[in-house]
């Protein structure tokens, strides 16, 4: 008899840990896959080997890490099943990941898929009807096993063929966490994340920013939205300056805005410097403490006069968000760095606080 291998979706949360361990307890070789995008778990890519070692040490699970950012960002343009309370396409998200997981299952020689989904735990993607849709649309109806709720659901191929013992699977349901915590204790697992959810698309503040990015409110098209744009969304203070603010603009409610990101501390200043790309301009003061401000994707479509007015605004905000001198914000030379070249302009703090209305 050939050895049976399973592939498990892994988020690092308790449910995915327990689902994997339940299957491993039945003597089945299991490989977990952690998908990452700029919206969740992206920091893992900074040191994949360290993350894999940590998961193995804590939970005894072997995990692959795969970056699915391009396809996921395309999905956000028009998810079939729409969004949840915020900008979270939870049903389409799970379908997308399970489709890729099925491809990996074949590549790795696995016989079935495993997830940590629990019937009724999440209002959008873990209702019974949603779970059925996810299985159907990902083309995984027969091979997808949800061990934590298996006894509440029809038998899968893995159970029917005797690869796993259904009697050793569970009937968890609802939003309570006590059964999972008890099982973790039984397995000797105490170090696991709190059940807060790690997807920024479900965050009420961050998701609004990203929704506006995909709605075309910025001065570049949604076809141009990339991973770096999402990373920048998570850094510093965010400003969207309406074109109607400038003397050369005809104004109008439909005008897209210019995106400025303001560093709030040294760490964020360095982060902005590292994320700057071609077409961006970085503004900062060399002789006074203050923020780095990144003007994102604003070059190429404006005249020199228009650029000058936009640069002057950015420089004025560098001064305004900088350190006070004698209780005020006196003018200061601001360096404008675009690529390998740089030049300086005088920055004068704007009067009043009307610019605060531009906060994203």
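Numbers for the structure displayed
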| item | result |
| --- | --- |
| Test: residue 267 is in contact with a helix residue (DSSP H, G or I) (Cβ under 8 Å, 6 or more places away or on another chain), surrounded by fewer than 18 Cβ atoms within 10 Å (Cβ to Cβ), assigned by TED's automatic domain parsing to the domain that holds residue 315 and at pLDDT 90 or above | no |
| Elements of type strands (runs of 3 or more DSSP E) contained in the range 267-360, each with 3 or more residues being in contact (Cβ under 8 Å) with a residue 40 or more places away in the chain | 281-284, 332-338 |
| In the range 49-69, the residues that are touching a residue at least 60 places away in the same chain (Cβ under 8 Å) and within 21 Å of the chain's Cα centre (by Cα) | 69 |
| Test result for residue 167, touching a helix residue (DSSP H, G or I) at 6+ places or on another chain (Cβ under 7 Å) and at pLDDT 95 or above | no |
| Filtered residue count, the range 331-344, keeping only those that are surrounded by 12 or more Cβ atoms within 10 Å (Cβ to Cβ) and either out of contact with any strand residue (DSSP E or B) (no Cβ under 6 Å at 6 or more places or on another chain) or not assigned by TED's automatic domain parsing to the domain that holds residue 221 (or both) | 1 |
| Selection count, the range 156-175, where residues are surrounded by 15 or more Cβ atoms within 10 Å (Cβ to Cβ) and not in a helix (DSSP H, G or I) | 7 |
| Filtered residues of the range 34-48 (kept if in contact with a strand residue (DSSP E or B) (Cβ under 7 Å, 6 or more places away or on another chain) and free of Cβ contacts under 8 Å to residues at least 60 places away in the same chain) | 34, 36, 44, 45, 48 |
| Residue, nearest to the chain's Cα centre (by Cα), within the range 312-341, restricted to residues that are at pLDDT 95 or above and more than 13 Å from residue 290 (Cβ to Cβ) | 337 |
| Qualifying residue in the range 73-89 (condition: buried (at least 18 other Cβ atoms within 10 Å of the Cβ), in contact (Cβ under 8 Å) with a residue 12 or more places away in the chain, in contact with a strand residue (DSSP E or B) (Cβ under 8 Å, 6 or more places away or on another chain) and more than 29 Å from residue 168 (Cβ to Cβ)) | yes |
| The range 176-204, residues that are exposed (fewer than 10 other Cβ atoms within 10 Å of the Cβ) and within 30 Å of residue 235 (Cβ to Cβ) | 191, 194, 196, 204 |
| Residues of the range 208-236 classified as assigned to a helix (DSSP H, G or I), over 17 Å from residue 69 (Cα atoms) and in contact with a strand residue (DSSP E or B) (Cβ under 8 Å, 6 or more places away or on another chain), total | 2 |
| Those residues of the range 1-33 which are free of Cβ contacts under 8 Å to residues at least 60 places away in the same chain and surrounded by fewer than 22 Cβ atoms within 10 Å (Cβ to Cβ), in sequence order | 1, 2, 3, 24, 27, 29 |
| Residue satisfying all of: in the range 210-232; surrounded by 18 or more Cβ atoms within 10 Å (Cβ to Cβ) and more than 17 Å from residue 256 (Cα to Cα); farthest from the chain's Cα centre (by Cα) among these | 232 |
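The values are calculated or read from the model by the stated rules, or taken from the named source; none is laboratory data. What you see is a predicted model; the values in this text were computed from it and never measured. Reconstructed Cβ throughout: ideal geometry from the backbone, glycine too, with neighbour counts over all protein chains shown.
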